[in-house]
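Inspection log for the structure reproduced underneath, given as structure tokens.
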Amino acid sequence: MDGGESVRSGRSERSERSHRSHGSSHHPRQHHHRGSSGRPNSNHRDRRERDRDDRSVTIKTPGQGSDVEGEERIQVQVIQQDDNWGDNTTAITGNTSETGFSMEDMRKFAKEMDDNYSVGFDCARYVGTALAAVLSIFGFLSPIAMIVLPKLGIFEWKALAFGTEIDPMQCRPECEGLLISFAFKLLILLLGTIALFFRQPKATMPRVFVFRAVVLFLVFVLTFAFWLFYGVRILKARETHYYAIVQFAVYLVDGLLFIHYLAVALLEIRQLQPQFVIKIVRSPDGKSQCYNIGLLSIQRAAVWMLEQYYKDFEVYNPYLENATKKPAKLTGFKVYDVDGGPNQTNQQGRSRAVFAAAARRRDASHNDRFYEEAEYERRIRKRKARLIVAAEEAFSHIKRMQEEQGPAIPMDPQEAAQAVFPSMARALQKYLRITRQQPRYTFESVLNHLAVCIGHDISPRAFVEKYLSQGAVIMNEKDYKSMQRWVLVCDQLLTREIEHGTYFQLRQGEVSLLCTVRKIPHFSLTEEVIDPKSNKFVLRLNSETSV
Amino acid sequence: MQDMAGHTAGDPLECYSIPIVLEKDADIDNQGHAVLEADGKQRYRCGFRIGGGIDQDPSQSPQGYPDKGIYVTYIHENSAASRCGLQVHDKILQVNGKDLTVATHKQAVEYIRRKPVLKMLVYRKGVPQLHKTGGNPQFQSYNQYSQQYQQQY
């Protein structure tokens, strides 16, 4: 059996007629079937003799007359087959191999595999963030713990009072001031961290995010060191001056604030100043764009590029590739007669010549391509004009209820949309068809969009704008997913910074983005002063020439 | 100024003119190397400046020339022009046989630059000295509508 390609038909007589079959990979078996089943083959098989009883076929070579001695007779034995499942009709597909999968099947499988993996890999998305959250909470709560612990009385401080009247654990004015500043610093740290770092991570990167790891490491080291000193100096040595403890905690908060400053500088501010220009080229259709970018690692630069890509690039429409190509004229092809039999070798020789001629014709058709594209553009413009006219006419039927004086039936926007849509439905459908967008928009989605536009007093051209171009990738409703997978390919380590001449590639399905990095050159500006005294001019009324 | 009456380009003209032969200097820069034209030939300098031409407007000329002829507007010192006797405000009538009274500015420059030796006919006001009364005017132009055709020298 072919690799899932062939369409099985019931046992029919039509299957005996020649079909456009693909390639020359004919099974000898098919000859058997053709030979053995179906009665009305006699007109095709004049030169064959068939003995149906013992299911063997004799095939004669052509052309030498039927009664020449020594002609070849090929005896072919047909194995008893179950005829109930009928003949195979092969259809033209993208598969040239009879045993392999076609590319469409592979793509289907690949997609399923990706979806299956999504459950497992989602944990990876949150591990980094969870670790960061744990460490920062640990760092945040440490100073609070440090000043609260002595007051809790767990460690029996008070028992070791020096016998003075003043309880050193009580908070006195300078200590109170310190406590207030401590509280405020903590509050500022909290607000700053929440404002900047408490958000959904926008990307899961393949390698460790180096700067964040550095910052977290510093937080951990600082807190750990402080706890170490706290344990040794304060708990063990039973420090009784509360002022000292509060001061110790305040120093920890200061340290954390400075680390927060470092985090802001490293993670947010460092990449703001543009130092490089990255050019993205999209692979199947060749669209390109350039962006400014600061100093980032390759993986972060890739994330940034994807954000820009989703906003700036048009949706890749795979059907547009063939939009301008007319269907290949196969009139020059020899239509394969599967029952060719004795003529097999000749036909193969002839077909090779035919293939070569067709290929040469295709090569010489660059002129045709130019004219086809011009013709396609013209047709698009014509349909676009018709669509806009139809939309304007349709919108002119609608008026706001307040403006209408006479008796009127009030409708809400949905109903108004349904009432008005049929007059422009055909023009819209034709336009969508020629721009190959019709799989993207369903009837309901168009109606919803129309209702929204009517309800907000949007002009007809603005309504139609959504359909006039392919639209930005992110605005594509049909393929919008909250998580998108991309594959990052680069020959350098992904945590290295981008440099002049770095290449990396982002891939998703058919779309492939090749990104090239160029460093913005150092600009050396020199000043030129125009001295007003020497900036004088004379009028040259009559030209003189020096000879 | 009555002798400097304007002459319409293209009209027949009879005039006392001064023949001047100017041999150009080879142009040499500061280091003593010859200055070459674009095609590699030696460049020659005459040492004067010209103005005017049938495509120019004489009313705009700062020197106040009356017509559209080619006039010498400036002569460099120690140049071939000063040596050969050319003077400022001379009107050049002919160069090497080419009539400059009907030439555009660019054409006049081209004719002058072409050859290394210029044989010019120049009109200078007041030269040669003529008796003013009853004598023949130094400069006589015949416009189209004039019927006078007197041979005057």
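The values are calculated or read from the model by the stated rules, or taken from the named source; none is laboratory data. All values reported here derive from a predicted model rather than from experimental measurement. Every residue, glycine among them, receives a Cβ derived from its backbone with ideal geometry; neighbour counts consider all protein chains shown. Just the protein is used for accessible areas: all its heavy atoms, side chains included, with ligands, DNA and RNA removed. Shrake-Rupley method; radii C 1.70, N 1.55, O 1.52, S 1.80 Å.
Tabulated values for the structure
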item	result
Label-point separation, residue B:35 to residue A:277 (7 Å along Cα→Cβ), nm	4.2
Spatial separation of Cα centroids for the stretch A:498-520 and the stretch A:381-440, in angstrom	43
Gain on full stretching of the segment that runs from residue A:474 to residue A:187 - 0.36 nm per residue minus C-alpha separation	99.5 nm
Net lengthening on full extension, residue A:373/residue A:411 (0.36 nm per residue, minus Cα-Cα)	9.2 nm
Signed unit charges on C-beta, dipole axis of the stretch A:411-547, positive-most listed residue A:506, A:458, A:435	A:435
Accessible area of the stretch B:14-87 divided out per residue, in Å², using a probe of 1.4 angstrom	55
Cross-link table B:68/B:98; A:202/A:311; A:311/A:384, entries beyond 21 Å C-alpha to C-alpha	A:311/A:384
Heavy-atom accessible area ranking, 1.4 Å probe, most first, across A:253, A:264, A:281	A:281, A:264, A:253
Charge dipole magnitude, Cβ of K and R +1, D and E -1 - the stretch B:1-107, Cα centre, debye nearest 20	180
Residue list for the stretch A:483-507, given a label point 7 angstrom along the Cα-to-Cβ vector of residue A:445 and an amide N cut-off under 12 Å	none
FRET efficiency estimate (nearest 0.05) - Cβ-Cβ, residue A:529 to residue B:96, R0 51 angstrom	0.55
Net lengthening on full extension, residue A:247/residue A:131 (0.36 nm per residue, minus Cα-Cα)	38.9 nm
Those residues of the stretch B:99-116 for which accessible area with every protein chain present is at least 20 Å² below the isolated value (1.4 Å probe)	B:105, B:109, B:113
Cβ charges +1 (Lys, Arg) and -1 (Asp, Glu), total dipole of the stretch A:477-517, debye	160
Unit charges at the beta carbon, dipole of the stretch A:236-309: most positive-side option, A:241, A:303, A:286	A:286
Radius 13 Å from Cβ of residue A:274, net charge of other residues (Lys, Arg +1; Asp, Glu -1)	+3
Peptide A:285-296, shielding by other chains (average Cβ, 10 Å cutoff)	0
Interface area, A with B, accessible, probe 1.4 Å, both sides summed, Å² nearest 100	1100
Positive-end extreme of charge dipole, the stretch A:190-330 - chosen from A:228, A:322, A:260 (charges on Cβ)	A:322
5 angstrom amide H check on residue B:93, placed H, neighbours 5+ away	B:121, B:122, B:123
Förster-model FRET efficiency, 45 Å R0, residue A:433 and residue A:138, C-beta, rounded to 0.05	0.15
Debye, to nearest 20: dipole size of the stretch A:365-425, +1 on Lys, Arg Cβ, -1 on Asp, Glu Cβ	220
Label-point separation, residue A:289 to residue B:28 (7 Å along Cα→Cβ), nm	6.8
Residue B:119 paired with residue B:76, simple spin-label distance in nm, labels 7 Å along Cα-to-beta-carbon	2.6
Average other protein chain Cβ within 10 Å of Cβ, residues B:50-57	3
